[in-house]
Amino acid sequence: MIAFWIILTGALVAISCGLLGCYLILRKMSMVGDAISHAVLPGIVIAFLMSGNRDPVIMLIGAGGIGLLTTFIIEYFHTKANLQTDAAIGVTFTLLFAIGIILISVFAGKVDIDQDCVLYGEIAYVPIDLWILDSGMVMGPRPVYILSIILILVLLFIVLGYKQLTVTAFDPSFAAAIGISTTLWHYLLMGAVSLTTVASFESVGAILVVAFLIGPPATAYLLTEDLKKMMTITVILGICISVFGYWLAYWLNASIAGCMTVILGLFFLLAFIFAPKSGLFFKYFHRRTKHVIPV
């Protein structure tokens, strides 16, 4: 049963992050998740200073608010200062992370309040983080319920906004011409990414969230140019990575998050070598075929 809960938790995070990650890959903003993982620190400190305690819900609200603010600042620097997206991400998360460190050193220097102790989780602890009713009834791991709700919200967001998200990702000029607000849908997507990543941090840790946000969509992108197929492959990859990663960790008695990330890297490497059209083998044989002189 422990294996089931851990694999299920990994799969829920992989599907939620992977589906949103497909749009981040297409928009060349794949490092937004990594930026949010650092930038939420001031939100955690401010939430603690205002509430006076380290309640996980309050910490998540503070982190989520700053995560959302991070995406706004990145877009503002990108559009108003004409910075490239990666430069805007780098400037934003280092600035906010530094502000968080200063807030800790000035106002909470004697409190153990860094991200590792109040926000970043460990997927191996999911089976013991139980939701227990006042009657004493055990409902199962609390993260599974939270992540299930997040997944439902992500699916609703993508289904209801599929046309707008797709058009603004592939051709912003055409989207503006037919009356779709590229700015509005950009902020809605970034808001969904922010809330999904922050909610997932507590359950599986920042490294695994960033890995799932980028790895499966990037691998799927090598295998197909069709967005729907890319999303389908991303979901399948996320489930396979959760299953194989867990059992690799069980076999090696090693970190579950680390083994899942290694399996993700292996899938990407296989796609990089054997993918049709973009794989190394295909390009090699294609070049040899072009250089054969017909007799």
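The slack in the chain from A3 to A87, taken as 0.36 nm per residue of separation less the alpha-carbon distance, amounts to 26.2 nm. Each label was represented as a point 7 Å from its Cα along the Cα-to-Cβ direction; for T183 and L252 these points are 4.8 nm apart. For Y145 and R288, a Förster radius of 51 Å and the Cβ-Cβ distance give a FRET efficiency of 0.40, rounded to the nearest 0.05. Note on F72 and I132: their simple-model spin labels are 4.0 nm apart, each label 7 Å out from Cα toward Cβ. Between F274 and D171, the simple spin-label model (points 7 angstrom out along Cα→Cβ) gives 3.6 nm.
Only helices enter the 222 nm calculation for the chain: every DSSP H run of n ≥ 4 contributes -39,500 (n - 2.57), and dividing by all residues gives -25500 deg cm²/dmol, rounded to 500.
Take the chain with all the other protein chains still there, run a 1.4 Å probe, and you get 52 Å² of accessible area per residue.
Close lysine pairs were tallied over the chain: pairs 8 or more places apart or on different chains with Cα atoms under 21 Å apart number 10. The alpha carbons of the chain occupy a box of 82, 51, 36 Å along the principal axes, longest dimension given first.
When the trypsin sites (Lys or Arg not before Pro) in region 35-112 are filtered for DSSP coil states and for at most 13 other beta-carbon atoms within 10 Å of their beta-carbon, the remaining sites are K110.
Taking amide H as placed 1.01 Å from N in the peptide plane, G140 has its amide H under 5 Å from the amide H of W131, each at least 5 places away in sequence or on another chain. DSSP loop (so not H, G, I, E, B), at most 11 other Cβ within 10 Å: list which trypsin sites (Lys or Arg not before Pro) in region 212-295 pass both filters. The qualifying sites are K277. Measuring nothing but protein heavy atoms, the accessible surface of the chain at 1.4 Å probe radius is 71 percent carbon and sulfur.
Only Cα pairs under 8 Å and 6+ residues apart enter the sum, and on that basis the relative contact order of the chain stands at 28 percent.
A full extension of the chain between I236 and K163 corresponds to an added length of 24.0 nm, given 0.36 nm per residue minus the alpha carbon distance.
Normalising by residue count, region 181-295 has a Cα convex hull of 141 Å³ per residue. Taken over the Cα atoms of region 13-97, the convex hull encloses 86 Å³ per residue.
The values are calculated or read from the model by the stated rules, or taken from the named source; none is laboratory data. In this text the structure is predicted, and so the values were computed from the model without any measurement. A quick note on method: Cβ atoms are made from the backbone with ideal geometry, for glycine too, and the neighbour counts reach across all protein chains shown. Remember, those area values only see protein heavy atoms, side chains included, never the ligands or the DNA or RNA. Shrake-Rupley method; radii C 1.70, N 1.55, O 1.52, S 1.80 Å.
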